[in-house]
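K.L.:
First the structure, then my questions, so here it is.
The values are calculated or read from the model by the stated rules, or taken from the named source; none is laboratory data. If you're wondering where the values come from, they're calculated on a predicted model, not measured in any experiment. Cβ coordinates were reconstructed from backbone atoms using ideal geometry, including for glycine residues, and neighbour counts include every protein chain displayed.
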Ligand SMILES: [Mg+2]
């Protein structure tokens, strides 16, 4: 082999073993665990039955087509017997902490995606269990024992496929995608099912004739980059079952935000300011949990005609209290008045974190 060829081949990458653990219908399952009256029944965890959206639906509710992120009113229409339960984030966080402790018995390389989902790199695992599928079995059994809840797991050689795999045998199941299976597994997958491809990108792909993983794979890297920018090369590689992203423990978010859509459009400043309060609470709770302090507050506004605007303010020091966050948010809101149209959604986010490193993590979305 010539030196040049050797260089092109690069260092031989170690085959990673990655597990994506995902709790089944997490919030709803916790509610059914803690209240026997809810067991076997269609349950939706939601802030309100009149307004807001479903944060989680039990499997009984899913049979009626109830899904998370569905407006509560739609959910009630789909399933008239649906029981609405208010979220109890303190309890969910405590359970989340328990499952993270279980993960930590196997590996220190844990990347939580939310309270109920995480990637684990178990290439080197603390209990020296040779097969990742056996680690997943052990973790799921222990989660059941400690919390009484079911988890599903996906096992693969990269994050992208591990996440796909955890959905494959849900609920209370697990699935392995081996390196041999990877490329075939993504062939038939509709582009909208690829993690990281949202409705807008999916529609754009369809308009370019890209409907499945196989369609994507038939394109050149240049084509994908020309049409989708930086993300294009990610799509190019994942359509081949290749994803080199590492599992990153304790990653730092670029921004943290929360938003909510109102039941009825609002025109009044006081009513909107009141709607901001729970959003500010959520963002601030995250800052306190992580001990992180941001400098830039952004207010997002969607009008009744769906026009979307955002307004930001960066403070010279840092936002060090909930009061400062509230002040900045309500100032940004006040500056928009007088309004010439009604508002259907408000969002608050905080960015420019002190310990911010250049990092391309997407925004952490606390919407429920
Ligand atoms: Mg889940």
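K.L.:
Determine whether segment 298-319 contains at least one residue that is crowded, with 18+ Cβ neighbours inside 10 Å and under 30 Å from residue 185 (Cβ atoms).
P.N.:
No, there is no match, as no residue in segment 298-319 is crowded, with 18+ Cβ neighbours inside 10 Å and under 30 Å from residue 185 (Cβ atoms).
K.L.:
Among what's in segment 8-19 and is exposed (fewer than 10 other Cβ atoms within 10 Å of the Cβ) and either over 25 Å from residue 136 (Cα atoms) or modelled with pLDDT of 95 or more (or both), pick the residue that is farthest from the ligand (Cβ to nearest atom).
P.N.:
Selected residue: 8.
K.L.:
Separate question: Name the single residue that is farthest from residue 275 (Cα to Cα) among those in segment 52-84 being at pLDDT below 95 and touching a helix residue (DSSP H, G or I) at 6+ places or on another chain (Cβ under 7 Å).
P.N.:
The extreme case among them is 56.
K.L.:
Moving to a separate point now. Suppose the filter is buried (at least 16 other Cβ atoms within 10 Å of the Cβ), within 16 Å of the ligand (Cβ to nearest atom) and either closer than 14 Å to residue 155 by Cα or free of Cβ contacts under 8 Å to residues at least 24 places away in the same chain (or both); does residue 111 pass it?
P.N.:
Here the answer is no, as residue 111 does not meet what is asked.
K.L.:
Does segment 85-98 include one or more residues that are surrounded by 19 or more Cβ atoms within 10 Å (Cβ to Cβ), more than 16 Å from the ligand (Cβ to nearest atom), under 21 Å from the mean Cα position of the chain (by Cα) and not in a loop (DSSP other than H, G, I, E, B)?
P.N.:
no
K.L.:
Can you confirm whether residue 22 is at pLDDT 95 or above, outside any loop (DSSP other than H, G, I, E, B) and more than 16 Å from the ligand (Cβ to nearest atom)?
P.N.:
It is false that residue 22 is at pLDDT 95 or above, outside any loop (DSSP other than H, G, I, E, B) and more than 16 Å from the ligand (Cβ to nearest atom).
K.L.:
Restricting to segment 114-144, what's the tally of residues that are buried (at least 18 other Cβ atoms within 10 Å of the Cβ), within 16 Å of the ligand (Cβ to nearest atom) and assigned to a helix (DSSP H, G or I)?
P.N.:
Qualifying residue count for the region: 4.
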